[in-house]
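The values are calculated or read from the model by the stated rules, or taken from the named source; none is laboratory data. If you're wondering where the values come from, they're calculated on a predicted model, not measured in any experiment. Every residue, glycine among them, receives a Cβ derived from its backbone with ideal geometry; neighbour counts consider all protein chains shown.
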Amino acid sequence: MVLAIRSILFTAAFYVTTFVQMILYAPFYFFLPRKKAWIVPKTWARVNLFLQKHIAGTDFEIEGLENLPKGAYIIAPKHQSAWETFGLVPFLDDPSLIMKRELTWIPIFGWYMLKTGIIPIDRGSPLKAMKAVLTGAKEKAAEGRQILIFPEGTRRQPGAEPAYKPGIVAIYNELGLPVVPIAHNAGLYWPRGNFRRYPGKIRVRVLPPIEANLNKREFLPRLIKDTESACDELLVKAALDPNPPAMPPTAVKRLKELGVDWTGPTRD
């Protein structure tokens with residue numbers, strides 16, 4: 001009951017403060033140069049992280065920030081939840097997100113996203129979408145920006161079999177830039193399709209960059225191995241916490257494969 005109440009209160013605070021901030025910042029946000037305007041999304045993200053900690057009881061820690069290069073590179077986070085869509089923002093310099101075009105149609109929110117210089121994609125036409133992504137990514141990289149793409153495309157449950165899409169390979173080959181994988185276990189605390197926000201500590205690990213210009217037979221297996229190995233370690237750490245979150249079936253199965261027999265709480 002307490003978990004449900006705290007989760008509802010956090011969700012309400014999240015949406016109310018987001019709306020209020022969008023209204024308050026609008027008079028100057030849209031007139032600032034794009035890079036300076038990033039102070040607004042970063043402030044919004046920090047407010048959310050504060051609310052999450054003090055209402056839902058979910059803190060976070062991030063390690064490996066020293067692995068982020070200067071200038072243009074590709075950021076490839078694991079995608080488990082909505083958390084990483086904002087939780088990483090304060091720690092990035094000038095990222096350009098690859099995201100669904102439909103999100104830009106949301107009033108006010110979509111306008112804010114367009115201001116940051118995203119790369120919108122039309123999922124209804126895969127070939128057309130990939131051409132647009134490659135063109136947009138090259139333009140943003142030429143400006144010294146970071147290209148942020150979720151290699152699996154959609155959110156995956158913690159512990160689920162990886163399902164990396166070929167888009168990350170195409171972008172890597174086209175841009176000739178290093179790729180920084182980011183592992184985390186946010187899906188345990190901010191689960192997909194579940195209003196509950198579990199207390200505990202989200203762990204994020206920024207991994208060493210994968211160098212540019214590997215061939216595709218080397219690059220994708222390396223990206224998967226580096227990311228999934230680190231995610232496995234963070235899953236085990238969460239399971240061994242004094243007050244671990246409820247685990248979905250995929251996480252329970254993966255823990256068993258990693259030698260941990262889970263006897264704690266579970267969820268769908």
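Does at least one position in region 62-70 carry a residue that is within 22 Å of LEU188 (Cα to Cα), among the charged types (D, E, K, R) and either within 19 Å of the chain's Cα centre (by Cα) or at pLDDT 90 or above (or both)?
yes
Does region 191-210 contain at least one residue that is part of a loop (DSSP other than H, G, I, E, B), among the aromatic types (Phe, Trp, Tyr) and modelled with pLDDT under 95?
yes
Output the residues belonging to region 130-154 that are in a loop (DSSP other than H, G, I, E, B) and either surrounded by 19 or more Cβ atoms within 10 Å (Cβ to Cβ) or touching a strand residue (DSSP E or B) at 6+ places or on another chain (Cβ under 7 Å) (or both).
Passing the criteria: ARG145, ILE149, PHE150, PRO151, GLU152.
Please go through region 5-22 and give me each residue that is in contact (Cβ under 8 Å) with a residue 60 or more places away in the chain and surrounded by fewer than 11 Cβ atoms within 10 Å (Cβ to Cβ), ordered by number.
none
If you scan region 233-265, which residues turn out to be more than 23 Å from ILE182 (Cβ to Cβ), outside any loop (DSSP other than H, G, I, E, B) and either touching a residue at least 12 places away in the same chain (Cβ under 8 Å) or aliphatic (A, V, I, L, M) (or both)?
Of everything in region 233-265, those that are more than 23 Å from ILE182 (Cβ to Cβ), outside any loop (DSSP other than H, G, I, E, B) and either touching a residue at least 12 places away in the same chain (Cβ under 8 Å) or aliphatic (A, V, I, L, M) (or both) turn out to be PRO249, VAL252, LYS253.
For region 227-246: of the residues being out of contact with any Phe, Trp or Tyr (no Cβ under 8 Å at 6 or more places or on another chain) and crowded, with 20+ Cβ neighbours inside 10 Å, which is farthest from ILE75 (Cα to Cα)?
Checked region 227-246; the qualifying residue farthest from ILE75 (Cα to Cα) is ALA238.
Would you mind stating whether ALA183 is in contact with a Cys (Cβ under 9 Å, 6 or more places away or on another chain) and surrounded by 15 or more Cβ atoms within 10 Å (Cβ to Cβ)?
The answer is yes for ALA183.
Find the residue count for region 124-146, including only residues that are over 17 Å from GLY71 (Cα atoms), more than 20 Å from the chain's Cα centre (by Cα) and touching a residue at least 12 places away in the same chain (Cβ under 8 Å).
Total satisfying the criteria: 3.
Of everything in region 94-116, what is buried (at least 16 other Cβ atoms within 10 Å of the Cβ) and either over 14 Å from VAL133 (Cβ atoms) or among the aliphatic types (A, V, I, L, M) (or both)? Give them in sequence order.
Across region 94-116, the qualifying residues are ASP94, PRO95, LEU97, ILE98, MET99, GLY110, TYR112, MET113, LYS115, THR116.
Exactly one of (1) farther than 30 Å from TRP38 by Cα; (2) surrounded by fewer than 16 Cβ atoms within 10 Å (Cβ to Cβ); (3) of a type in the set (Phe, Trp, Tyr) is unmet by PHE219. Its number?
(2)
Report, ordered by the first and then the second residue, all pairs with beta carbons closer than 6 Å, sequence separation of six or more or different chains, a first member in region 176-190 that is outside any strand (DSSP E or B), and a second member that is among the aromatic types (Phe, Trp, Tyr).
LEU177/TYR73; PRO178/TYR73; ALA186/TRP83; TYR189/TYR198; TRP190/TRP83
One residue is enough: does region 186-198 have a residue meeting the conditions farther than 17 Å from ARG6 by Cα and either of a type in the set (S, T, N, Q) or crowded, with 22+ Cβ neighbours inside 10 Å (or both)?
Among the residues of region 186-198, at least one is farther than 17 Å from ARG6 by Cα and either of a type in the set (S, T, N, Q) or crowded, with 22+ Cβ neighbours inside 10 Å (or both), which makes the answer yes.
Before we move on, is TYR73 crowded, with 17+ Cβ neighbours inside 10 Å, of a type outside the set (Val, Ile, Thr) and under 19 Å from PHE150 (Cα atoms)?
When the stated conditions are applied, TYR73 passes them.
Of all the residues that make up region 201-232, how many are over 18 Å from the mean Cα position of the chain (by Cα), in contact (Cβ under 8 Å) with a residue 40 or more places away in the chain and under 24 Å from THR250 (Cα atoms)?
The qualifying residues number 1.
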